[in-house]
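A short worksheet on the structure shown next.
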Amino acid sequence: MEKGKVEFWPTSIYQLMSSKVTLLSSPLQGFTDFRFRNAFHHYFGGIDTFYAPYIRLNGKLAIKGVYQRDLALQNNETLTVIPQVMTSDAEEFLYVVKYVQEIGYKELNWNLGCPYPMVTKQGMGSGLVKNTEQIRHILDRAHNETDIVVSMKMRLGYDNPLEILDTLPMLDTFPIKNIAIHARIGKQLYKGGVDWDGFQKALDNTKHTLYYNGDITSVESFRAVKDRFSTIDHFMIGRGLISDPFLPQMIQQNSTDYPENRWQVFKEFHDRIFQEYDEYLSGPTPIKMKMRGFWEFFATSFPNPQKTFKKIKKANNAAQYQQATREIFSEVV
Ligand SMILES: Cc1cc2nc3c(=O)[nH]c(=O)nc-3n(C[C@H](O)[C@H](O)[C@H](O)COP(=O)(O)O)c2cc1C
């Protein structure tokens, strides 16, 4: 510190105030499709780039209609979107590269993070992190046979957080645009804490640009991550953005204050996604399950989360659902 200069704040807070951060929407299959992304962007903002939920082929070289609609440019006109693939097969990877390039995307994100045993047992998702040779093979082919920009999204490993350390030196030999790391291992699923020491080790052992991902659920938790990893300037937010869609804009404004019309805006957002999913999904059960899934997240930012979610769970048809949401919003708006 300079002589005579009074230091009011620790250095980290100066860094926080001066450096611009980029926030990315981390994909959630079943939640962050184009309907959600567009509504989110319209009502809240604060997100620079949206990663689309993964495309999975299951052995068939064909892109399902649901993925096609999700990535169609006309459904994402005002958004920056990066498609994602989950595979451990080079032919599948190249097939998806060709598809996304044909519709106009320049980058493909590769999912090496999914923790579910049905995926990892087939050597995909976080089950692929330790398979350095297969990752090299796919990256070799992608870079030799196409001009796609590849980025990756990984966990630290499946069984232990050292797995990524064996893979990172090989990744240094490829022009990967960035690697987003969800600082957990696959075996944890979503339980337990994030492993900041594991993330730091990854940071110390790569030449690539790392993005941080995991458990950013509030402005305070964002500040804690930013404080710990002062060189990181890209942060991915997944569940926290669904639980509290105001979070990205509040992080960008470095403020813990909600706008005065918080619940009114939230209600309009809710009504829009409900209407769109109701139009798209046929029959009473799919829309009930879809909205129940969202409310499992939404309820956590309401004054009484358990009571709120209980009301939604009890609603068995459209009229009861409308009544439940009327009651929930009447308590806050
Ligand atoms: C229901 C669900 C679906 C997910 N789908 C995807 C996906 O399609 N692609 C992906 O890379 N990650 C997926 N994830 C992981 C999240 O993007 C994110 O990495 C993880 O939740 C940790 O970040 P968070 O603590 O900010 O949520 C999913 C997570 C959940 C809970």
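The values are calculated or read from the model by the stated rules, or taken from the named source; none is laboratory data. Everything numeric in this text was worked out from a predicted model, so none of it was measured. So basically every Cβ, Gly included, is an ideal-geometry build from the backbone, and we count neighbours across all protein chains shown. Calculation scope for accessible area: heavy atoms of the full protein, side chains included, ligands and nucleic acids excluded. Shrake-Rupley method; radii C 1.70, N 1.55, O 1.52, S 1.80 Å.
Picking from residues in segment 256-284 that are in contact with a helix residue (DSSP H, G or I) (Cβ under 9 Å, 6 or more places away or on another chain), closer than 29 Å to Ala224 by Cβ and not aliphatic (A, V, I, L, M), the one that is most open to solvent (accessible area, probe 1.4 Å) is Asp257. Restricting segment 88-116 to residues that are polar (S, T, N, Q) and more than 19 Å from Leu28 (Cβ to Cβ) leaves a set whose member that is nearest to the ligand (Cβ to nearest atom) is Ser88. State whether the residues of segment 136-147 include one that is within 16 Å of the ligand (Cβ to nearest atom) and open to solvent by less than 10 Å² (accessible area, probe 1.4 Å). No, segment 136-147 has no match at all. Considered as a group, the residues in segment 208-250 that are more than 28 Å from His270 (Cα to Cα) and of a type in the set (A, V, I, L, M, F, W, C) include one that is most open to solvent (accessible area, probe 1.4 Å), and that residue is Ala224. Among the residues making up segment 47-63, those that are within 14 Å of the ligand (Cβ to nearest atom) and not aliphatic (A, V, I, L, M) are Thr49, Phe50, Tyr51, Pro53, Tyr54, Arg56.
Residue-by-condition table, conditions (1) modelled with pLDDT under 95; (2) more than 16 Å from the ligand (Cβ to nearest atom):
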| site | (1), (2) |
| --- | --- |
| Met236 | no, no |
| Leu241 | no, no |
| Leu247 | no, no |
| Asp257 | no, yes |
| Glu268 | no, yes |
| Thr285 | yes, yes |
| Phe294 | no, no |
| Phe297 | no, no |
| Gln306 | no, yes |
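Checking each residue in segment 180-202 for being closer than 21 Å to Thr231 by Cβ, open to solvent by less than 50 Å² (accessible area, probe 1.4 Å) and away from the ligand (no atom under 12 Å from the Cβ) picks out Asp195, Gly198, Phe199, Ala202. Close Cβ contacts (under 6 Å, 6 or more residues apart or on different chains) running from residues in segment 45-64 that are open to solvent by less than 10 Å² (accessible area, probe 1.4 Å) to residues that are among the aromatic types (Phe, Trp, Tyr) and within 14 Å of the ligand (Cβ to nearest atom) comprise Ile55/Tyr67.
Residue by residue, here is whether (1) closer than 30 Å to Val100 by Cα; (2) within 16 Å of the chain's Cα centre (by Cα) holds:
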position: Val149; (1), (2): yes, no
position: Gly157; (1), (2): yes, no
position: Leu168; (1), (2): yes, no
position: Leu171; (1), (2): yes, no
position: Leu189; (1), (2): yes, yes
position: Gln200; (1), (2): no, no
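If the condition is being within 16 Å of the ligand (Cβ to nearest atom) and either of a type in the set (Phe, Trp, Tyr) or open to solvent by less than 50 Å² (accessible area, probe 1.4 Å) (or both), then segment 117-134 contributes Val119, Thr120, Met124, Gly125, Ser126, Gly127, Leu128, Val129. Any residue that is within 14 Å of the ligand (Cβ to nearest atom) and buried (at least 19 other Cβ atoms within 10 Å of the Cβ) - is there at least one of those in segment 164-173? Taking every residue of segment 164-173 in turn, none turns out to be within 14 Å of the ligand (Cβ to nearest atom) and buried (at least 19 other Cβ atoms within 10 Å of the Cβ). Screening Gly113 with (1) out of contact with any Gly (no Cβ under 7 Å at 6 or more places or on another chain); (2) surrounded by 13 or more Cβ atoms within 10 Å (Cβ to Cβ); (3) closer than 17 Å to Thr32 by Cβ gives one miss only, at (1).
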